[in-house]
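Peer 1: Below you'll find the structure I mean.
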Amino acid sequence: LFVRHLERLPPRPVAFTALVITAALWGSNAVVARVLLDGISAVWLAWLRWNIVLLILAPFVWKERRAIISALRNHTRELAIFAVVGFAPQNVLTYVGLSGTTAINMGLLNSAVPVMIVAIVAVIKRRPPGLFESIGLAISVTGVLLIVAHGDARAILRLDFNAWDLLLLVGMFIWAIYTIKLGGRTIPMSFPAFCFAAALIGQIITLPALGWDLAVHGAPRPSLLTISGVLYIGAFPTLLAILLYGYGIARIGAVQAGIFTHLVPVFAAIFATLTIGERLHAFHAAGFALIAGGAILCCLTPAPMLSSSREAPRA
């Protein structure tokens, strides 16, 4: 209902507003998840997060149950790919990385997503990057290296990086793939129904990892704080944010929508410093400036397949 109400309003200004709210919600996700990972494993957090989404979505997509069942039967492979790159399996990888680093670093590495989108599109289209794209990619990669090396130039030369940050970076790369694929979604169903179907498959794919975690570590014993945090992450940084993100991509394209991820580290840094006492360092600011600057150069001449909303499906 919320998304349908948005569709009655002017598309681009509302899309920009939706993407700013999305960035704020994702920034809060990094902070809340960082706190929760001290008491619950990454697998359980991701799996419970999407169970909340499924429970909330179920009554709203019930009238589309036939379309969902049809999609699960006839578009299983496409939904499974979406499930891996944008739902619980991708979240598991990201949360594993976050368990060994900071919410600020997670937010900062989100800024690499628009650059990754440009690089992936260049490979898909089999075209060499343009001048601005090449310069932008080089600048952004430098910023990413600075962050994962925690500002130590010698660590860059030794290729001695924080493994947890590298896992986060892989998670962001997978999310960039999801962003690109989302712009070309062809399954005939509403976006909420699509999210329900893909999330359901994602939960099934995650079950082996959940079983392994259960066998090794036993069942979690969540506190009231953990339960509240999981409910918040499921309802807001996951469900509401993914609906708003899909809305934004459908109206302004994946490249322009991806630029708004540069607001994620801003919100994450504010929330992390105010609530959990994380500290900003000079290398954080330098890395963010390089990544954001490189992304702006990359997106000066965006790929035609992603720069317009005319080819994107409606959410």
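The values are calculated or read from the model by the stated rules, or taken from the named source; none is laboratory data. Just so you know, these numbers come straight off a predicted model, no measurement behind them. Here the Cβ is made from the backbone with ideal geometry for all residues, glycine too, and neighbour counts use every protein chain on show. With ligands, DNA and RNA removed, areas are computed over all heavy atoms of the protein, side chains included. Shrake-Rupley method; radii C 1.70, N 1.55, O 1.52, S 1.80 Å.
Peer 1: Give the number of residues within segment 38-65 that are open to solvent by 20 Å² or more (accessible area, probe 1.4 Å) and farther than 15 Å from Cys195 by Cα.
Peer 2: 5
Peer 1: Just give me the residues in segment 277-287 being in contact (Cβ under 8 Å) with a residue 60 or more places away in the chain and open to solvent by less than 60 Å² (accessible area, probe 1.4 Å), in sequence order.
Peer 2: Correct list: Glu278, Phe283, His284, Ala286, Gly287.
Peer 1: Further question on the same structure: Out of the helices (runs of 4 or more DSSP H) lying entirely within segment 194-290, which hold 1 or more residues that are under 14 Å from the mean Cα position of the chain (by Cα) and either of a type in the set (Phe, Trp, Tyr) or more than 28 Å from Thr76 (Cβ to Cβ) (or both)?
Peer 2: Result: 241-252, 254-259, 264-275.
Peer 1: Can you confirm whether segment 105-116 contains a residue that is over 17 Å from Pro265 (Cα atoms), surrounded by 18 or more Cβ atoms within 10 Å (Cβ to Cβ) and either of a type in the set (Ser, Thr, Tyr) or out of contact with any strand residue (DSSP E or B) (no Cβ under 8 Å at 6 or more places or on another chain) (or both)?
Peer 2: No, segment 105-116 has no match at all.
Peer 1: Can you find a residue that is open to solvent by less than 50 Å² (accessible area, probe 1.4 Å) and in contact with a His (Cβ under 8 Å, 6 or more places away or on another chain) anywhere in segment 142-153?
Peer 2: Yes: segment 142-153 contains one or more residues that are open to solvent by less than 50 Å² (accessible area, probe 1.4 Å) and in contact with a His (Cβ under 8 Å, 6 or more places away or on another chain).
Peer 1: Sticking with this structure for a sec: Taking Tyr247 as meeting all but one of (1) at pLDDT below 95; (2) open to solvent by 10 Å² or more (accessible area, probe 1.4 Å); (3) among the aromatic types (Phe, Trp, Tyr), write down the number of the exception.
Peer 2: (2)
Peer 1: Limited to segment 197-216, what total is found for residues that are open to solvent by 80 Å² or more (accessible area, probe 1.4 Å) and of a type outside the set (A, V, I, L, M, F, W, C)?
Peer 2: Matching residues across segment 197-216 total 1.
Peer 1: Which helices (runs of 4 or more DSSP H) sit wholly inside segment 25-134 and have at least 3 residues that are at negative phi and without any contact (Cβ under 8 Å) to a residue 24 or more places away in the chain?
Peer 2: Result: 65-74.
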